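Before any comments, here is the structure.
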Amino acid sequence: MKDLGIDIDVDEDEPTFEGNALKKATALSKELKLTCIADDTGISIKSLDGFPGVKTKRWLSRNW
């Protein structure tokens, strides 16, 4: 979005990657009045029960 000059800050507070992606796509769709798709990614470590999961960005920002 930033590459296109679109500055929308979406709070990624959903419990799943899918939920966060849907939230971002919905916010962008409302802003542009177009159909939109979005993704949400992170790190899910199987041996740590999926940690940090959807909180990857917040975890990295505190630990790096």
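Brief remarks on what is shown
- Residue match in segment 23-33 (condition: modelled with pLDDT under 95, outside any helix (DSSP H, G or I) and open to solvent by less than 100 Å² (accessible area, probe 1.4 Å)): no
- Filter result for residue 28 (in contact with a Cys (Cβ under 9 Å, 6 or more places away or on another chain) and either acidic (Asp, Glu) or touching a residue at least 24 places away in the same chain (Cβ under 8 Å) (or both)): yes
- Residue ID - farthest from residue 1 (Cα to Cα), chosen from residues in segment 31-64 that are basic (Lys, Arg) and free of Cβ contacts under 8 Å to residues at least 40 places away in the same chain: 46
- Of the residues making up segment 44-64, those that are in contact with a strand residue (DSSP E or B) (Cβ under 9 Å, 6 or more places away or on another chain) and among the small types (Gly, Ala, Ser) are 44, 50, 53.
- Tallying residues that are open to solvent by 90 Å² or more (accessible area, probe 1.4 Å) and part of a loop (DSSP other than H, G, I, E, B) within segment 36-64 yields 6.
The values are calculated or read from the model by the stated rules, or taken from the named source; none is laboratory data. No experiment lies behind these values; they were computed from the predicted model shown. So basically every Cβ, Gly included, is an ideal-geometry build from the backbone, and we count neighbours across all protein chains shown. Calculation scope for accessible area: heavy atoms of the full protein, side chains included, ligands and nucleic acids excluded. Shrake-Rupley method; radii C 1.70, N 1.55, O 1.52, S 1.80 Å.
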